[in-house]
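The values are calculated or read from the model by the stated rules, or taken from the named source; none is laboratory data. Being a predicted model, the structure only gives us computed values, none of them experimental. Don't worry about glycine lacking a Cβ; one is built from the backbone with ideal geometry, like all the others, and counts go over all protein chains shown. With ligands, DNA and RNA removed, areas are computed over all heavy atoms of the protein, side chains included. Shrake-Rupley method; radii C 1.70, N 1.55, O 1.52, S 1.80 Å.
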Amino acid sequence: LIQCADVKARDISKAEMLQWRRNGRGWQMIEPRKGELAYHLMTKPNGTAMTWPEFWRMVVLHLEVAQNAYVYTPRDREDTIEEYIPIMPGRARMRVSDRGNIFYEIVAATEYERAALGDTYLIVPEHEMIHLRGRLLDGVNGLSNLALGGPNLDLLSAIGRYQTKLFGNDGKQPLVFETKEGFATTEQGEAAFRRLKDQLREAARRATSSGEAILLEAGLTAKPVAINSVDAQSKDSFTQAVMRICGLMDVPPHRIYALEAVAYNNMSAMNRQYVNDCLMPLAVNIETKFRNHSLPEEQWPIYSLQFDRSALMSN
């Protein structure tokens, strides 16, 4: 899931966001001038050392994992945006006042966040917060991929724990020893049973630690009691779970190097589908939200914010 989110975040961060002005039926790129939005998009998002590629990668990673991304945009007295500060989804929460006004509650949990925000706790109005939402169900918050993918993530975790335990035990499986000859219920029989049990326990320990073979007494047989990885179809189950996660995240499996069902003759077609069906809708969502938030409404038909399409679609 993190790989899928990071692939989209990386691909978006490759492209610069540019400001365009409508010129007749076409568009003309605006040259950056100090104090204008185009200049801000060419310098850095905020007063920290963060760059725009880092900013976009962080924002898209939040959006793809949690389907919610928050960017705090403090404004000066002239209502001009001073900074774009990304906020982790768990640090921000929408609040609605008694009069129906929307505010956002921000909590700084680290020293870096306190330094970037200038405070440990803020309540800011809606026009100072960009709230990017992906999979909308209730019209307020995006439906998290962590919540939707919970069953598949649990399956992947279980397979991982099984494989770790299997390889940590040198691939050995638990054994059960059985015999057709019973033990007498007398005191001597009980003693013989305990002696044999201790011997087998010690023999199994030595076999695990040093590889020493277990020599069974006459009449004893040993057989594994756990299902092996082949019978459990752990590899097939893992592959299917990965495919389902890729489907949930709208990322073709080959983008995270799951190459089981990919051939060279269809990879270019899958890449074009990824750009058109997955990457471009994400980019348009971000572009529209940033334009509506950063520019006054009367300028929306005139100006546009757009990622460099040639960089998005390269290769």
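Structural remarks
- Sulfur and carbon atoms: percent of accessible area, the range 1-150 [1.4 Å]: 50
- The residues 21, 255, sorted by heavy-atom accessible surface at 1.4 Å with ligands and nucleic acids left out, run 21, 255 from largest to smallest.
- Residues of the range 243-315: accessible area per residue with a 1.4 Å probe, Å²: 55
- If you plug the beta carbon distance of residue 91 and residue 284 into 1/(1 + (r/R0)^6) with R0 = 25 Å, you get a FRET efficiency near 0.40.
- Heavy-atom accessible area ranking, 1.4 Å probe, most first, across 88, 270: 88, 270
- Solvent-accessible area of residue 193 with every protein chain in place, 1.4 Å probe, in Å² to the nearest 10: 90
- Accessible surface of residue 260, taken over heavy atoms with a 1.4 Å probe and every protein chain present, rounds to 120 Å².
- A Förster radius of 22 Å, combined with the Cβ-Cβ distance separating residue 221 from residue 165, puts the computed FRET efficiency at roughly 0.30.
- Computed packing ranks the peptides 244-252, 196-204 as 244-252, 196-204, most packed first, by mean other Cβ atoms within 10 Å.
- The calculated pair-distance distribution of the range 111-159 uses every alpha carbon pair, bins of 10 angstrom beginning at 0, and gives 20, 26, 30, 21, 3 percent.
- Dividing the Cα radius of gyration of the range 1-129 by 2.2 N^0.38 Å, with N the residue count, gives 1.17.
- Accessible area expressed per residue, the range 45-98, with surrounding protein chains retained (probe 1.4 Å, Å²): 47
- Gain on full extension, evaluated as 0.36 nm per residue between residue 27 and residue 158 minus their Cα-Cα distance, stands at 41.9 nm.
- Nearest-0.05 FRET efficiency for residue 199 and residue 270, computed from C-beta distance (R0 51 Å): 0.30
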